[in-house]
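The values are calculated or read from the model by the stated rules, or taken from the named source; none is laboratory data. None of the values given here were measured: they were computed from a predicted structure. Glycine also receives a Cβ, built like all others from the backbone with ideal geometry; neighbour counts cover every protein chain displayed.
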Amino acid sequence: MQQLITTAAGRRLTVTATANEYGRVVYEVAKVGAFTLDPEVYAHDPGDTRQRVHLRYGRVDGPDPYRDRDLPDAPVVCTVVLGGAATFSVQHLDEPSWRWLSMCRAGGGSAPDGTRRRTADIVRALVTDWLARDDHDELRGFHAWHLAPSRIANARHSIQRLQRVIAPRLSELAAEHHRRDQQLAIRGEAPAALAQFPDPQTREGQAILALHAELEQLRRQHRRLSAVDVAECVQAWLGAQGLPLDVV
């Protein structure tokens with residue numbers, strides 16, 4: 001639907017805003033070109049993405065959240081064709097300066113100050129309209145849903161990488177716990193820990209550490225753990241180990 005938007009500098013823009021299934025909005029500005037807006041694609045925390053905007057100079061209709069080169073309908077501002085992308089905080093919208101918005105020519109090289117000043121004025125008005133849309137939260141949900149598979153894959157890769165780094169160190173720690181307890185026994189002193197530190201190189205150790213991680217996550221989420229939470233978590237863990245617990 002076509003609409004009129006007035007910028008902070010008093011310019012009247014004829015704009016057509018089109019939302020797509022990927023949670024982004026393409027703003028077509030008459031006599032200028034297209035600007036594509038969506039939440040920050042590199043931040044995972046909902047609080048972070050709500051504060052940051054991912055802008056691309058041109059039209060992005062497909063699923064690729066990172067494409068920012070050779071986009072169709074690239075905007076032309078003060079005879080300069082713009083290209084690439086910019087990420088910025090919505091807090092900058094209240095600043096009179098234009099330096100918060102990065103931009104460059106489509107063929108490479110920085111844009112002149114006059115182009116940057118006018119583009120920032122346009123972008124500020126478009127982002128203000130985008131934030132005020134009735135379907136803004138719904139679009140954020142679509143955006144997060146489409147990004148989730150790649151984010152899951154990245155998280156799994158990071159988990160595997162960290163496990164390769166951490167597991168040997170935890171095994172060393174388990175060995176040091178054992179050595180300490182041996183020396184304490186020589187002196188007739190009770191071990192500082194009643195249970196041996198779990199060895200992550202063993203299946204049992206990995207299971208215990210996984211259970212500990214689940215309980216710690218519950219504690220962070222709820223601050224306190226009820227007996228029911230702990231019992232359900234332990235029951236699920238035992239079931240995963242092939243030791244189902246019948247609760248009467």
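Below, the figures for the structure above:
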quantity	calculated
Out of 21, 95, sole residue that is assigned by the TED database to the domain that holds residue 105, within 21 Å of residue 138 (Cα to Cα) and not β-branched (Val, Ile, Thr)	21
Top-ranked residue in the range 68-117 [being in contact with a Cys (Cβ under 7 Å, 6 or more places away or on another chain) and in a helix (DSSP H, G or I); ranked as surrounded by the most Cβ atoms within 10 Å (Cβ to Cβ)]	115
Residue match in the range 127-137 (condition: loosely packed, with under 13 Cβ neighbours inside 10 Å and assigned to a helix (DSSP H, G or I))	yes
Test for residue 210: is it within 26 Å of the chain's Cα centre (by Cα), at pLDDT below 75, assigned to a helix (DSSP H, G or I) and surrounded by 11 or more Cβ atoms within 10 Å (Cβ to Cβ)	yes
Any pair with Cβ under 6 angstrom, 6 or more apart, that starts in the range 169-192 at a residue that is small (Gly, Ala, Ser) and ends at one that is surrounded by 15 or more Cβ atoms within 10 Å (Cβ to Cβ)	171/199; 174/197; 174/199
Residue within the range 98-115 that is in the same structural domain as residue 52 (by the TED database) and in contact with a Pro (Cβ under 8 Å, 6 or more places away or on another chain) present	no
Residues that are among the small types (Gly, Ala, Ser), farther than 15 Å from residue 57 by Cα and in contact with a strand residue (DSSP E or B) (Cβ under 8 Å, 6 or more places away or on another chain), drawn from the range 1-43	19, 23, 43
